[in-house]
Amino acid sequence: MINNFSDLIRMATEQQDAQRMLLLFASAESEGKSPDQQSERGTLSPVMCVDKLPTDIKSFKALVAEADAISAEWDMMFVAGLSGKGQIAPSEKDAEPYLNKMTSDIKTGQDLSQYLVFDRAENLLMFDRQ
């Protein structure tokens, strides 16, 4: 079970096939409460994305600092893993179409349930599809 970003990185390094982490940073703009008043509605916009080997991510705090050095205009981070073959992790070139798909999914309002999403405080976020 994944409770925080450290759990995710640990699990990625324990996989049989080497992993590459796909990270997309997005901003959120609130549109207020939904008609049922149970959830917040809003718009997500991709800000930047990167792929990294799990071993290149020292900590969530370090990743946030690295992202903020490029742009602090993000509210949440979408994460997916890409499996390699055995001990060979996917290359940056292999990751590019998947990062493009993540960007497209967010821009077009697709189902985001395939991604783990963390806020700046490392809390896992859940999205309702409406």
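The values are calculated or read from the model by the stated rules, or taken from the named source; none is laboratory data. Predicted model, so just to flag it, every value in this text is computed and none were measured. Cβ: placed from backbone, ideal geometry, glycine included. Neighbour counts: every protein chain shown. The accessibility values were calculated without ligands, DNA or RNA, using every heavy atom of the protein model including side chains. Shrake-Rupley method; radii C 1.70, N 1.55, O 1.52, S 1.80 Å.
Selection of the stretch 53-74 for residues being in contact (Cβ under 8 Å) with a residue 24 or more places away in the chain, open to solvent by 70 Å² or more (accessible area, probe 1.4 Å) and either outside any helix (DSSP H, G or I) or not hydroxyl-bearing (Ser, Thr, Tyr) (or both) yields only 73.
Residues are listed down the side, and each one gets a yes or a no for (1) modelled with pLDDT of 95 or more; (2) closer than 18 Å to residue 116 by Cα; (3) out of contact with any Pro (no Cβ under 8 Å at 6 or more places or on another chain):
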site	(1), (2), (3)
40	no, no, yes
50	yes, yes, yes
63	yes, yes, yes
66	yes, no, yes
72	yes, no, yes
98	yes, yes, yes
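Is it the case that some residue within the stretch 31-52 is assigned to a helix (DSSP H, G or I) and either charged (D, E, K, R) or over 22 Å from residue 126 (Cβ atoms) (or both)? Taking every residue of the stretch 31-52 in turn, none turns out to be assigned to a helix (DSSP H, G or I) and either charged (D, E, K, R) or over 22 Å from residue 126 (Cβ atoms) (or both). Exactly one residue out of 45, 6 is open to solvent by 60 Å² or more (accessible area, probe 1.4 Å) and under 14 Å from the mean Cα position of the chain (by Cα), and it is 6. All but one of (1) under 17 Å from residue 15 (Cβ atoms); (2) in contact with a Cys (Cβ under 9 Å, 6 or more places away or on another chain) hold for residue 99, so report the exception by its number. The number of the failed condition is (1).
Go through the stretch 98-108 and give me each residue that's part of a helix (DSSP H, G or I) and open to solvent by 80 Å² or more (accessible area, probe 1.4 Å).
Step one: filter the stretch 98-108 for residues part of a helix (DSSP H, G or I), giving 98-107.
The answer is 98, 100, 101, 107.
Here is a check on your reading of the model: is residue 111 part of a loop (DSSP other than H, G, I, E, B), out of contact with any Leu (no Cβ under 7 Å at 6 or more places or on another chain), among the charged types (D, E, K, R) and in contact (Cβ under 8 Å) with a residue 60 or more places away in the chain? In short, no.
Cβ separations smaller than 6 Å between residues 6+ apart or across chains give the following pairs from the stretch 18-36 residues that are modelled with pLDDT under 95 to residues that are assigned to a loop (DSSP other than H, G, I, E, B): 28/75.
Would you confirm, using the coordinates I've provided, whether residue 89 is open to solvent by 30 Å² or more (accessible area, probe 1.4 Å) and not charged (D, E, K, R)? Considered against the rule, which asks whether it is open to solvent by 30 Å² or more (accessible area, probe 1.4 Å) and not charged (D, E, K, R), residue 89 comes out as yes.
Any chance you could count how many residues in the stretch 75-90 are under 20 Å from residue 10 (Cα atoms) and outside any strand (DSSP E or B)? Here the count works out to 5.
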